[in-house]
Amino acid sequence: MRKWLFAGFFATILSGPAAAWWDGGHMQIAYVAYKHLDAPVKDKVDALLRLNPDYGKWTAAAPDPATAKLYAFVHAATWADDIKTKPYGYTRDRVTGPAAAQNIGYADHNQHTYWHYKDVLYSPDGSLLPQPDPVDAVTQLKLMIAALPPASGASDDVRSYDLVWMLHLVGDLHQPLHAVGRHTREIPDGDAGGNAESVIPATGEVIALHAYWDRILGGYVSPAGAVFDADNDGIADIKVSPAAAQVIDPEAWAQESFEVAKQFAYAPPVGNGPNAVPISREYETNARNIARAQAALAAARLANVINAELR
């Protein structure tokens, strides 16, 4: 459960937006997934994306129709974050509100920030844990995946809205700190997925642990930039286990990311409190390798889900 009680503290330690993977990461995941979509599925995906009001913006820089379809898919992966930070007119709502779990398409002008994560709660020191949120990334992804096939009975508006959210949320759930809520004696109200801890990487700045992991795959880029980054020391060439790629249950994804967070994101020298700690070269190397592997896995699973539901 993320109460976001420390707004002033977060504003000090965050050097970027509190969102899983920054734009570069989400776009790389979408690009690699797109490369593995079946040709007929790409056409169906593009038809749905055209219903989003930002389609024209997403494709404005494309030199030809085929590239426009690619750019739309890649850029759509950031839309769920865009509605939180840009003047779209979307409202910050609550996970306990009556509209928290709805799936009504673009008529929904709520930000649904709590859809971006699944807090698997735990404590390394026996601290009391709260009740989990009733709505999260897992509950909503299950609804969206079920609504995506034409036979679901959902309108094309809903299916388009769900597809755009899926492009983002599959990536979110593979960022380890989007699947954990850690409670300690020093942070009894929970760390909001690493937002209450801060670290000092080799670059020397103080940054929230969550933001440190978010930025590993890059910051704000164009679709063309994300394609270039993915193909050049990015995630495009990372081999993914075929068996792992076939796991398309959001609950399983969250549990995997939770275990990765415990093992690697909270690894020493990260402690149980909010004080900034310098992290080691070993920690940074492991974090980069894990982040890239998780993103590649997210891309493979995203492609498999979309192929399966739109074939």
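The values are calculated or read from the model by the stated rules, or taken from the named source; none is laboratory data. What you see is a predicted model; the values in this text were computed from it and never measured. Methodologically, a virtual Cβ is constructed for each residue, glycine included, from the backbone with ideal geometry; neighbour enumeration extends over all protein chains shown. Only protein heavy atoms, including side chains, enter the accessible area calculation; ligands, DNA and RNA are left aside. Shrake-Rupley method; radii C 1.70, N 1.55, O 1.52, S 1.80 Å.
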Net dipole in debye of the chain [+1 Lys, Arg Cβ; -1 Asp, Glu Cβ; about Cα centre; nearest 20]: 140
Gly181 long-range amide H proximity, modeled H, under 5 Å: Val120, Leu121, Tyr122
Percent accessible area from carbon and sulfur atoms, the stretch 136-259, protein chains only, probe 1.4 Å: 58
Ala244 paired with Arg92, simple spin-label distance in nm, labels 7 Å along Cα-to-beta-carbon: 3.6
Computed Kirkwood radius, in angstrom, where 1/r is averaged over Cα pairs of the stretch 87-201: 15.6
Exposure of Leu121 as accessible area (Å², to 10), given a probe of 1.4 Å and all protein chains: 30
Selected from Ala77, Ala230, Ala30 as most flexible by GNM, with the chain as the system and alpha-carbon contacts under 10 Å: Ala230
Accessible surface, the chain, averaged per residue in Å² (probe 1.4 Å): 41
Reciprocal of mean inverse Cα separation for the stretch 28-78 (Kirkwood radius, Å): 10.8
FRET efficiency for Ala224 and Leu128, using Cβ-Cβ distance with R0 set to 30 Å, rounded to 0.05: 0.05
Whole-Hz ³J(HN,Hα) from phi, Karplus 6.51 cos²θ - 1.76 cosθ + 1.60, for the stretch 56-61, glycine and proline x: x, 5, 4, 9, 4, 8
Nitroxide proxy distance, nm - points 7 Å out along Cα→Cβ at Ala308 and Glu282: 3.8
Of Lys44/Lys118; Lys142/Lys262; Lys86/Lys262; Lys84/Lys239, pairs whose Cα-Cα distance is over 27 Å: Lys44/Lys118; Lys86/Lys262; Lys84/Lys239
Loop-resident sites, the stretch 135-242, for chymotrypsin sites (Phe, Trp or Tyr not before Pro), counting at most 14 other Cβ within 10 Å (DSSP): Tyr220
Hydrodynamic radius of the chain per Kirkwood, over alpha carbon pairs, in Å: 19.5
